[in-house]
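Enquirer: Pasting in a structure now, in structure tokens, and then I'll have a few things to ask.
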Amino acid sequence: MTARQLALPDLVNVLSSLSVPGVGLWREPVRDFGLAAAARLVRDAGLTVTSLCRGGFLTTTEPAARAAALDDNRAALDEAAVLGTDTLVLVSGGLPPGSKDLAGARERIADALAELAPYAAERGVRLAIEPLHPMFASDRCVVSTLAQALDLAERFPATQVGVVVDTYHLWWDDTVAAQIRRAGEGGRIHCFQLADWITPLPAGVLTGRGQLGDGSVDMRWFRDQVAAAGYTGPVEVEIFNDGLWARDGAEVLAETVARYRAHVL
């Protein structure tokens, strides 16, 4: 998504030229290109798929919509298995229309995980609950803190359900260091993502993530925290930013690699 303007073959070629060893993929461009073709493209380039985004949106109270959401998540798990990634990122979903019941919405996520976790395990894929910044709680994700994500994940085996540590969503939380340690002790850090926090936020806020080093987040501090917690997996950069998307994608990716070296390593 950091360079969503690039077609999948161009993305793979640029990453290979930059010696980036893996890529986190989103379902929509994979489906547009063709699932089997995308898996072959990435594999033939010598890249690994670090995660697939996204599943989730599991908070509805309407039976038919709930069944459809579960079916879609099973399809996402099947897609992840074909792509060869062991991680499906979950954005849990916001409040149903007219509801104010955050606790009830979170419990429905747990109910859905109880159905999905065994299915995921059969396919060798882990579910990774991503807490989103509280400004998204009403419409996108009622899981706002790493503690809330872990409270859900810890009901299930760590090999089936874990969490995403995303700097953009968690940088503000003064309990995050303790929660990263908790996640590490349980073997539940399944994905680590980077984006910076810049202000003012754009209208709609969704595309307000900043290039590494442009905002308020101490990237190296987060890297040190997840490393101390025992995480040795991939580090993804996931930036939604209209300004970056309007630029040449290869240039954006080269800049991102340089920023990663300057602000994370």
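Enquirer: Name the pairs: first residue in the stretch 235-260 and touching a residue at least 60 places away in the same chain (Cβ under 8 Å), second residue open to solvent by 40 Å² or more (accessible area, probe 1.4 Å) and among the hydroxyl-bearing types (Ser, Thr, Tyr), Cβ to Cβ under 7 Å, at least 6 apart or on different chains?
Expert: These pairs meet every condition: 237/260.
Enquirer: Could you say which residue among 120, 103, 112 is of a type in the set (A, V, I, L, M, F, W, C), over 18 Å from the mean Cα position of the chain (by Cα) and buried (at least 17 other Cβ atoms within 10 Å of the Cβ)?
Expert: Details: 120 fails: over 18 Å from the mean Cα position of the chain (by Cα); 103 fails: buried (at least 17 other Cβ atoms within 10 Å of the Cβ).
Of the residues listed, the single one that is of a type in the set (A, V, I, L, M, F, W, C), over 18 Å from the mean Cα position of the chain (by Cα) and buried (at least 17 other Cβ atoms within 10 Å of the Cβ) is 112.
Enquirer: Kindly indicate the residue of the stretch 28-40 that is out of contact with any helix residue (DSSP H, G or I) (no Cβ under 6 Å at 6 or more places or on another chain) and of a type outside the set (Gly, Ala, Ser) and also surrounded by the fewest Cβ atoms within 10 Å (Cβ to Cβ) among those meeting that condition. So that I can check it myself, show each step before the final result.
Expert: Step one: of the stretch 28-40, the residues out of contact with any helix residue (DSSP H, G or I) (no Cβ under 6 Å at 6 or more places or on another chain) are 28, 31-32, 34, 36-37, 40.
Still in the running and of a type outside the set (Gly, Ala, Ser): 28, 31-32, 40.
Values: 28: 12, 31: 12, 32: 10, 40: 12.
For the stretch 28-40, the residue satisfying everything is 32.
Enquirer: Continuing with the same structure: Applying the selection to the stretch 18-48, what residues are within 20 Å of the chain's Cα centre (by Cα) and assigned to a loop (DSSP other than H, G, I, E, B)?
Expert: Those that are within 20 Å of the chain's Cα centre (by Cα) and assigned to a loop (DSSP other than H, G, I, E, B): 20, 21, 47.
Enquirer: Note down all Cβ pairs under 6 Å where the first residue falls in the stretch 152-168 and is of a type in the set (A, V, I, L, M, F, W, C), the second is open to solvent by 30 Å² or more (accessible area, probe 1.4 Å), and they're at least six residues apart or on different chains.
Expert: 158/186; 158/187
Enquirer: Something else: Anything in the stretch 162-189 that is touching a Phe, Trp or Tyr at 6+ places or on another chain (Cβ under 9 Å) and open to solvent by 10 Å² or more (accessible area, probe 1.4 Å)? List them, or say none.
Expert: Scanning the stretch 162-189 gives 171, 172, 177, 184, 189.
Enquirer: Now a separate question. Only residues that are surrounded by fewer than 16 Cβ atoms within 10 Å (Cβ to Cβ) and closer than 12 Å to residue 254 by Cβ: list them for the stretch 1-19, please.
Expert: Within the stretch 1-19, 17, 18, 19 qualify.
Enquirer: Here is a further query. Tell me, which residue of the stretch 228-265 that is in a loop (DSSP other than H, G, I, E, B) and touching a Gly at 6+ places or on another chain (Cβ under 8 Å) is surrounded by the fewest Cβ atoms within 10 Å (Cβ to Cβ)?
Expert: 230
Enquirer: Any chance you could count how many residues in the stretch 65-92 are of a type in the set (Gly, Ala, Ser), open to solvent by less than 40 Å² (accessible area, probe 1.4 Å) and either in contact (Cβ under 8 Å) with a residue 40 or more places away in the chain or within 25 Å of residue 145 (Cα to Cα) (or both)?
Expert: Number satisfying all stated conditions: 4.
Enquirer: OK, next. In the stretch 176-218, how many residues are outside any loop (DSSP other than H, G, I, E, B), β-branched (Val, Ile, Thr) and farther than 20 Å from residue 86 by Cα?
Expert: Qualifying residue count for the region: 2.
Enquirer: Starting from the stretch 204-229, keep only residues that are under 13 Å from residue 177 (Cβ atoms) and at pLDDT below 95, then list their pairs with residues that are open to solvent by 20 Å² or more (accessible area, probe 1.4 Å) and assigned to a loop (DSSP other than H, G, I, E, B) whose Cβ atoms are within a distance under 9 Å, requiring at least 6 positions of separation or different chains.
Expert: Sorted first by the residue in the stretch 204-229, then by its partner, the list stays empty.
Enquirer: Is it the case that some residue within the stretch 82-97 is modelled with pLDDT of 95 or more, closer than 19 Å to residue 235 by Cβ and of a type in the set (Asp, Glu)?
Expert: So far as the stretch 82-97 goes, yes, one or more of its residues are modelled with pLDDT of 95 or more, closer than 19 Å to residue 235 by Cβ and of a type in the set (Asp, Glu).
The values are calculated or read from the model by the stated rules, or taken from the named source; none is laboratory data. Every value quoted in this text rests on a predicted model; they were computed, and no experiment measured them. Quick reminder, even Gly has a Cβ in these numbers, built from the backbone with ideal geometry, and neighbours come from all protein chains shown. Note: areas computed on protein heavy atoms with side chains; ligands, DNA, RNA excluded. Shrake-Rupley method; radii C 1.70, N 1.55, O 1.52, S 1.80 Å.
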